[in-house]
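The values are calculated or read from the model by the stated rules, or taken from the named source; none is laboratory data. Nothing here was measured: the structure is a model prediction, and the numbers come from that model. Backbone-built Cβ (ideal geometry, glycine too); neighbour counts: all protein chains shown.
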Amino acid sequence: MVTVEDGDGDPEPNLPVYAFDDTTYTGHNGTTNVSGTVTLTLPAGDYRFRADESGEQYWSGTSNHCTVPGCAGAAITTTIPVVVTVEDGAGDFSPVEEANLDAERIGA
């Protein structure tokens, strides 16, 4: 079973999930249910998993971590999109290159 949650731990329903052997797609896939989980029936082997959302790809690991038989499940965490607008000291909005941003999440 693969569980897909957002950064708050909320389930991500209706997302496609794919099984990979390293960088090779195995042809096994499914879609998460309302609980953010999908069960894939896989042959013996080593796997990692990818979920796709809004054109982004989210992985369960950087390399294979789930060996079948034996692996009970995997988890994928998606990120929460953030839009940042930068205003200079004069109140103008202009492109900023190579800027560092420190952010703190306040509230839900």
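Brief remarks on what is shown
- Phe93 meets the conditions (1) out of contact with any Asp or Glu (no Cβ under 6 Å at 6 or more places or on another chain); (2) free of Cβ contacts under 8 Å to residues at least 24 places away in the same chain; (3) not hydroxyl-bearing (Ser, Thr, Tyr) in every case but one. The failed one is (1).
- The residue that is nearest to Pro11 (Cα to Cα), counting only those in region 26-66 that are aliphatic (A, V, I, L, M) and in a loop (DSSP other than H, G, I, E, B), is Val34.
- Here Ala75 passes the criteria (1) under 12 Å from Val17 (Cα atoms); (2) in a loop (DSSP other than H, G, I, E, B) except the one numbered (2).
- If you check Val84, Val4, Val17 for being surrounded by fewer than 14 Cβ atoms within 10 Å (Cβ to Cβ) and either part of a loop (DSSP other than H, G, I, E, B) or in contact with a strand residue (DSSP E or B) (Cβ under 8 Å, 6 or more places away or on another chain) (or both), only one passes: Val84.
- One residue stands out among those in region 20-58 that are within 11 Å of the chain's Cα centre (by Cα) and buried (at least 16 other Cβ atoms within 10 Å of the Cβ): the one that is nearest to Thr78 (Cα to Cα), which is Tyr58.
- Looking across Gly9, Gly61, Gly91, one residue alone is modelled with pLDDT under 95, within 15 Å of the chain's Cα centre (by Cα) and of a type outside the set (A, V, I, L, M, F, W, C). It is Gly9.
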